Amino acid sequence: MRWIFVSILACLVAVPQALARKTSGPIYEDPFDLGAGGASLTRASKEGVLFSNPALLPLGASFFRWTGLTSTMLVNKESVAAAQKIAKDAQSSKNSGSSNAATQSSELIDKVFKNPIHLGWGLALSTVTSVFGLSVFSRFEPDISAHQFGSTGLPEVELRTESYHGVLLGTAVRTPMRWLLFGVTAKYLYVGEQDLAVQLTDSEAIASFGQQKFTQNLVALNKGVGFDAGTLLFFQGDHVDLTIAGKADDLGNTKFTGLSAQPQNFKQVTSAGVALTLHSTLDALHFAIDYRDLGGVYKEDLFKRLHVGTKVMLRTFLGISGGYYDGYPSMGLQLDPRICRIAVTVYTRELGDHPGVDPRHIYMASVSAGF
């Protein structure tokens, strides 16, 4: 069955690229923050502060916050269902002695029509202190889906990839007014965003496929240097904290050069968030709302720009999060006894223009090792 998957992917690179995948959100998000609906401007986990809001760095009692490696894997539940069905059918074909390639290919395409495939992984090697933070990260997510009626009205298969890699260096300071904080992040990025489609009736495109071209298109990356800036108003009380955040991503636009057609730039976006935290010495309950891309430069609907979430921290090592991400419920759980953190998250990404159009119901698991 492996060559069938390769054949489908091969067809996809024979056509031009359609559009970029960058959204108003961070290019890397911590699983626990995603469980809280992605509302992370006022509170983020581990190296997530560098991506969400560098002004968060000075918050906390200790100088050293985190040094270690975070590894993440994700898959959508439709992929799991499709893989189980493919394995079952392959075993049935083996037992019956049937190996008709055309039939297998047709059955596989039929499964992709019903079950889009979305996979991914992420890595981040980071050091975070109350003054500065450094993270070397990598994130890759491919998505394969089929549409009964494509852009031309004919059946087509589409491959979308998000490939983000690079180095982030952030720093932050408290002003003489202790409640006012500023932070900035510098980033050197390698980025590739593919959005490729092929009509199932386009035999010429299929025939013109070459394995080398497929590989080159799939892994092509552009590089660029960019800057983010964040601010935080943090009003701390004995048991209640109020936090107001502002963030500007990709100041002046982050421009890219390289072999890939996309992206050419990341647009500058401004975002704002507000949070209320109820806490004791060891426990905390955090309510947050983020409004991303205030100017609407990415032309996303409100349900993709508004993130609402809650984080509960019990005895500093057990965390439960919940919220709304892309208009769908999300939830997360983490065990963080300092040296090794295990986190699981369930959330939904909407790739369409409205909730329910083209969702990916995603399971994510993460392991962090460090101190």
- Task: Using Cα positions and a limit of under 19 Å, work out the aspartates and glutamates in reach of Lys114, with same-chain residues fewer than 8 apart set aside.
- Result: Glu78, Asp89, Asp143, Glu156, Glu158, Glu350, Asp358
- Query: How large are Rg and Dmax for the stretch 230-371 when only the alpha carbon atoms are used, in Å?
  - Reply: 17.7, 54
- Message: Given points 7 Å out from each Cα along the Cα-Cβ axis, report the Val136 to Ala220 separation in nanometres with one decimal.
- Response: 2.8
- Item | Segment His361-Gln148, length gained on full extension (0.36 nm per residue, minus Cα span) | 74.6 nm
- Message: Based on alpha-carbon centroids, what's the gap between the stretch 125-164 and the stretch 219-298 in Å, whole number please?
- Response: 19
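Need one word for the stretch 117-191: rounded, prolate or oblate. Basis is the Cα gyration tensor (sqrt eigenvalues a ≥ b ≥ c); a/c below 1.5 gives rounded, then a/b vs b/c decides. Don't skip to the answer; put the middle values down first.
Numbers: a/c = 4.31, a/b = 2.70, b/c = 1.59.
Prolate, because a/c is 1.5 or more and a/b exceeds b/c.
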- Task: Obtain the nm distance between the two label points defined at Thr281 and Gln236 by a simple spin-label model: each point lies 7 Å from its Cα along the Cα-to-C-beta direction.
- Result: 1.6
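Since every read-out is calculated from the coordinates, none of them should be taken as a lab result. Please read these numbers as outputs of a predicted model, since none were measured by experiment. Here Cβ is always computed from backbone atoms with ideal geometry, including for glycine, and neighbour counts include all displayed protein chains.
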